[in-house]
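Worksheet: one structure, shown below.
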Amino acid sequence: MPTRRSTALYLFAACTLASTAALAAEPGPQRGEEIRLWPHGAPGSEKETAPEVFAPSDNPKLPKQFTVVHYPSVYAFLPPREKANGMAVIIAPGGGHSQLVIGKEGWDIAEWFNSHGIAAFVLKYRLAKAKDSHYTVEGDALNDSARALRLVRSRAREFAIDPARIGFIGFSAGGYLAALSETRFDAGNATAPDPIDRLSSRPDFAMVVYPGYAAGSITVPKNAPPTFLACADNDPSHVVTTVQLYLDLQKQGVSSEMHIYSSGGHGFGIRASAMPVSTWQDRMLEWLIDRKLLK
C-alpha cells in the first residue's frame with residue numbers, strides 16, 4: 001500500500017514529466033513562417049498601406065523574388081529539435097537593393113543551414129533602389145538587419161538557440177548589409193519601451209559573400225565579430241570590396257578568413273556546379289567549427 005511520501009513523490013514526478021513534455025511540444029513557428037520585424041509598422045513605413053510586389057514560386061508561402069518591400073520580416077526555418085545545435089543565422093539575399101533574389105540566396109541557403117542543425121532566418125528587407133523607393137540602405141535596410149538580430153535574440157528560448165551564437169550572412173547587396181551589421185551595431189537602448197530594442201544588434205559572427213558597396217563606406221571597429229569572406233576572381237568589382245574588408249578586419253586584429261576562387265562569377269550562391277567555388281560553404285562550415293561556434 002503506497003505511503004503518503006511515495007504518493008507525493010509520484011505526483012511530483014508526474015507533474016515534472018508533464019511540464020517537460022508540454023515544453024518540448026510547445027509549438028514554434030512553422031517552417032518558412034513569416035515574422036514581421038515590427039508588427040505595427042517599421043520606422044519610416046508606419047503609414048504605408050501599399051502592397052508588396054513579388055514573383056510567385058511553386059511554394060505559395062515562399063516567393064522567389066521581391067521587387068517592392070514595405071513590411072520587413074524574417075522567414076523562420078528551424079531544424080528538427082533532435083538535430084539542432086543551438087546556432088542561428090540571419091540570411092540577407094542580394095539583388096542590388098532593387099530586388100531580393102530570395103529563392104537562390106534565401107530559401108536555398110536556409111535549407112543548407114538546416115541540414116547542419118543550424119536555425120536560419122531569411123531577411124526580407126526594404127529596398128533602397130526599387131522604383132519610387134524612399135528608403136535608404138544605411139538607414140532603413142540596416143535598421144531592418146539590426147532589428148532582425150534583436151528579434152531573433154529576444155526569442156532565443158522559443159527558437160531553441162544560443163543568444164550568443166547568432167550570426168549574419170549576406171550575398172552581394174545583402175553582403176553590404178552583413179558588412180554594415182558587423183561594423184555599425186549597438187548594445188541596445190536600456191530604456192526603450194520595446195523590450196526587443198533593449199537587446200544588442202551585434203552579430204556574434206559574420207559571413208560576407210561577394211559583397212557590393214562603395215569603396216571606403218565601411219569602417220571596422222576593434223570589436224567587430226569574426227568574419228568569413230568568399231568571392232570569385234572573375235567578379236572583379238566585388239573582389240575589391242572583399243579584399244578591402246579583409247584587410248580592414250586584419251588591421252583591427254579581428255579574426256577573419258578569406259577565400260577567392262578563380263572562377264564562379266557573381267551570384268554563385270550555394271547551388272552545385274563543377275567549379276571549385278561550389279564548395280565554398282564547406283570551407284565556411286570548417287571555419288565555424290574551427291571558431292568553436294559549431295560543434
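Rule-based calculations on the coordinates, nothing more; no lab input. Since this is a predicted model, take the numbers as computed values, not measurements. We place every Cβ from the backbone using ideal geometry, glycine too, and count neighbours over all the protein chains shown.
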What do you get for the angle between helix 142-154 and the principal long axis of the chain? Use alpha-carbon atoms, 0 to 90 degrees, nearest ten. 20
Listing Phe171, Phe121, Phe66 by rising number of other beta-carbon atoms within 10 angstrom, fewest first, gives Phe66, Phe121, Phe171
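Expressed in whole Å with the largest first, what are the equivalent ellipsoid semi-axes of the stretch 238-295 derived from the C-alpha gyration tensor as the square root of 5 times each eigenvalue? All intermediate terms of the calculation are to be shown ahead of the outcome.
Working: eigenvalues 93, 64, 10 Å².
One finds semi-axes of 22, 18, 7 Å for the stretch 238-295.
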Order the peptides 185-194, 156-165, 237-246, 128-137 from the highest to the lowest mean number of other Cβ atoms within 10 Å of their residues. 237-246, 156-165, 128-137, 185-194
Give, as ranges by residue number, the residues of the stretch 97-137 whose backbone N falls under 12 Å from the point 7 Å along Cα→Cβ of Thr67. 98-100, 130-132
Regarding the stretch 36-175, what whole-number volume in Å³ per residue does the convex hull of its Cα atoms give? 104
Contact order normalised by residue count of the chain, Cα under 8 Å, 6+ apart, percent: 13
Mind checking the angle between helix 4-24 and the chain's longest principal axis? C-alpha axes, 0 to 90 degrees, to the nearest 10. 20
GNM of the chain, Cα pairs under 10 angstrom: of Asn143, Asn234, Asn85, the biggest fluctuation goes to Asn234
Distance in Å, no decimals, from the C-alpha centre of the stretch 61-114 to the one of the stretch 171-186 is 16
Once you list every other residue whose beta carbon is under 12 Å from the beta carbon of Val152, what net charge do they have if Lys and Arg are +1 and Asp and Glu are -1? +3
Restricting the count to DSSP beta bridges whose residues both fall in the chain, what percent are antiparallel, rounded to a multiple of 5? 35
Taking the Cα atoms of the chain, report the difference between the largest and smallest coordinate on each principal axis, in whole Å and largest first. 82, 46, 43
